[in-house]
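Okay, structure first, notes after.
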Amino acid sequence: MTIFAAVPTAPADPILNLATRYKSDTFEKKVNLGIGAYRTAEGKTWILPSVLEAEKKVTADPSGDKEYQPIDGKPEYKRPVQELIFSSDIIDSGCLATVQALSGTGSLQIIAQFLAFMGVKKVHGPDPTWGNHPKIFGRAGLAYQTYPYWHQASRGLDFDGMMAAIDKMEEGECILLHAVAHNPTGVDPTNEQWQDIVKKVKERKLVPLLDNAYQGYASGDLARDGYSQQLFSESGMEYFIAQSFAKNFGLYGERIGYIHVKCETKDAAAAVLSQLKVVVRQLYSSPPKHGAAIVNSILTTPALKEQWLSELTLMSNRIVEMRSALQKQVEERTGQPWPHITSQIGMFTYTGLTKDQVTRMVEEFHIYMTGDGRISMAGLNHGNVEYVAECIDKVVKEK
């Protein structure tokens, strides 16, 4: 008898399972709106031209090697990525602990383990949130509790519910916030609401954790998408940021991201960095080199950085264009307003479709989307948006 007899088969990941089903589907009009990755107007994957140029530079460098990297990543790589978020004064203060990590997921896993190490017991996350969030914190032994976020009737933010929940959180507990382009809803607080949130979080003496997966990708403007991070930086609080370069550099498979911990003092930052390095050493010893080198090449070469910023604008504009196209097509067919399609931002739209309606979209019409009604706007193009709108019309009108 196998020693693994008591090991159950884990359920398939719902999003990756959608991709598998889509690939095996032979229906001519099939549409994949499940995976959160950019696609061109022709529905193709896209390597950013700035990434291609940077990769050529990296691989042609005669001084290159394949040696182990420092546990926390190359020190000379840190400032350019810090500058995407923090002011020069904060960077020069020495109060940042920065660690290269395995994109957003890896950053969050290390932060979760560190939170448990420092004695945090509970993490509060928005309802809904990215499906991996509660699992990551649960694996680290942290209790996970949701706070209100999505308001179904308005297809917007339940700001009052969110603020009331924050007011009940206990000192020293962690609050998880999406820095920009909330996943899965695409609904973000207004600037004024962000100001109130930061003030309340500080008042309650919570430990903020910002998941920064879409900076620059949401609006095409790094500063605009970094507004919430700016407010926390100005607040004087100590907090965590999980920074991913999967979406905004298109480096999904390179697994490149960074952890930033804003500390009160240089001594605190040094202590935090030392303990984060212990976690990394025990998890995977040292980070991968290639993606980090590409990002650094882009951020430290003025022409490449300018090119990258223009590519961010291009990607963001295409998503905005698809939002407008889908809203127009759906409203024309249903005869009802769907303003949330264009008021939401970033890669995803939270359609508001019910589970039964989503099931019909997938099983009957071959439009692959997650069970909560989230669709990836990057999967839309002028060749399929009418078909998607037509099917949405059918599922909302027919019982």
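The values are calculated or read from the model by the stated rules, or taken from the named source; none is laboratory data. Every value quoted in this text rests on a predicted model; they were computed, and no experiment measured them. So basically every Cβ, Gly included, is an ideal-geometry build from the backbone, and we count neighbours across all protein chains shown. Surface areas here come from the heavy atoms of the whole protein model, side chains and all, with no ligands, DNA or RNA. Shrake-Rupley method; radii C 1.70, N 1.55, O 1.52, S 1.80 Å.
Quick one: would you say residue 73 is surrounded by 19 or more Cβ atoms within 10 Å (Cβ to Cβ), at positive phi and not charged (D, E, K, R)? Steps first, please.
Details: surrounded by 19 or more Cβ atoms within 10 Å (Cβ to Cβ): yes; at positive phi: yes; not charged (D, E, K, R): yes.
It is true that residue 73 is surrounded by 19 or more Cβ atoms within 10 Å (Cβ to Cβ), at positive phi and not charged (D, E, K, R).
Quick check on the range 253-274: of everything there that is closer than 20 Å to residue 210 by Cα and assigned to a helix (DSSP H, G or I), which residue is least open to solvent (accessible area, probe 1.4 Å)?
269
Go through the range 330-344 and report how many residues are over 15 Å from residue 395 (Cβ atoms), open to solvent by less than 20 Å² (accessible area, probe 1.4 Å) and part of a helix (DSSP H, G or I).
The total comes to 2.
Look at the range 309-329 and say how many of its residues are touching a residue at least 60 places away in the same chain (Cβ under 8 Å), among the polar types (S, T, N, Q) and open to solvent by 10 Å² or more (accessible area, probe 1.4 Å).
3
On the given criteria, is residue 321 charged (D, E, K, R), more than 24 Å from the chain's Cα centre (by Cα) and under 30 Å from residue 382 (Cβ atoms)? Please lay out each step first, then the result.
On the way: charged (D, E, K, R): yes; more than 24 Å from the chain's Cα centre (by Cα): no; under 30 Å from residue 382 (Cβ atoms): yes.
No; evaluated as a whole, the condition is false for this residue.
Looking at the structure I just gave you, is residue 116 among the aliphatic types (A, V, I, L, M) and open to solvent by 30 Å² or more (accessible area, probe 1.4 Å)?
Values: among the aliphatic types (A, V, I, L, M): yes; open to solvent by 30 Å² or more (accessible area, probe 1.4 Å): yes.
In short, yes.
Of the residues that sit in the range 44-77 and are hydrophobic (A, V, I, L, M, F, W, C) and assigned to a loop (DSSP other than H, G, I, E, B), which one is farthest from the chain's Cα centre (by Cα)?
71
What are the residues in the range 349-388 that are out of contact with any Phe, Trp or Tyr (no Cβ under 9 Å at 6 or more places or on another chain), open to solvent by less than 10 Å² (accessible area, probe 1.4 Å) and under 18 Å from residue 17 (Cβ atoms), if any?
The answer is 358, 369.
Which of the residues that make up the range 1-29 are in contact with a strand residue (DSSP E or B) (Cβ under 8 Å, 6 or more places away or on another chain) and open to solvent by 50 Å² or more (accessible area, probe 1.4 Å)?
Passing the criteria: 21, 22.
Quick one: residue 33 ticks every box in (1) closer than 18 Å to residue 383 by Cα; (2) modelled with pLDDT under 95; (3) not aromatic (Phe, Trp, Tyr) except a single one, so which number is it?
(2)
Contact list please: Cβ distance under 7 Å, first residue in the range 124-149 and part of a helix (DSSP H, G or I), second residue open to solvent by 30 Å² or more (accessible area, probe 1.4 Å) and not hydrophobic (A, V, I, L, M, F, W, C), pairs at least six apart or on different chains.
132/105; 134/144; 136/109; 137/144; 138/144
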